[in-house]
Amino acid sequence: MNVLLIICAILLIIVIGLYAFWQKLLKGKPGRVPGAEVEKKTYEEALVVDTRWKKEYDRVHAINAVSLPIKLFKDGSDILDDYKDKDIILYCVVDVTSRNTEKLLRERGFTKLHIGDGVKQYDYGKSYIYKCFTI
């Protein structure tokens, strides 16, 4: 009986810890560009880059984003070199891939890099669909 009670207590602690962690992920980190602001950015204001794999981008993405997976930058691509002096907003699922991409780009001289809310924090693409189908 005592063993069962201990197991239940441990499981309860684990569940509460996972729930708290998930809530923290959903809130995002301070200093991030909120998802609603990311989707309002025009090309003149900032280049919005989705750093996830192309198949993830195809499922859902910010309406103004381009798909440039982190693999391009790990392989040494210079695709963004003309944008070194432009604001670039990077986003992914939560922020792991975008932060790693940010590090790679900073090592190559990019300075105006920002992290946007990930797709777990903001429902990208939905506002555009909603606007298209409402009167």
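Look at the stretch 83-98 and say how many of its residues are in a helix (DSSP H, G or I) and closer than 16 Å to Val48 by Cβ. Final tally of qualifying residues: 3. Of all residues in the stretch 45-63, those satisfying the criterion of being buried (at least 19 other Cβ atoms within 10 Å of the Cβ) and assigned to a loop (DSSP other than H, G, I, E, B) are Ala46, Thr51, Arg52, His61, Ala62. Out of Thr42, Thr111, one residue alone is exposed (fewer than 13 other Cβ atoms within 10 Å of the Cβ), part of a loop (DSSP other than H, G, I, E, B), modelled with pLDDT under 90 and of a type outside the set (Lys, Arg). It is Thr42.
The values are calculated or read from the model by the stated rules, or taken from the named source; none is laboratory data. Fair warning: this is a prediction, and the values are worked out from it, not measured in the lab. Cβ: placed from backbone, ideal geometry, glycine included. Neighbour counts: every protein chain shown.
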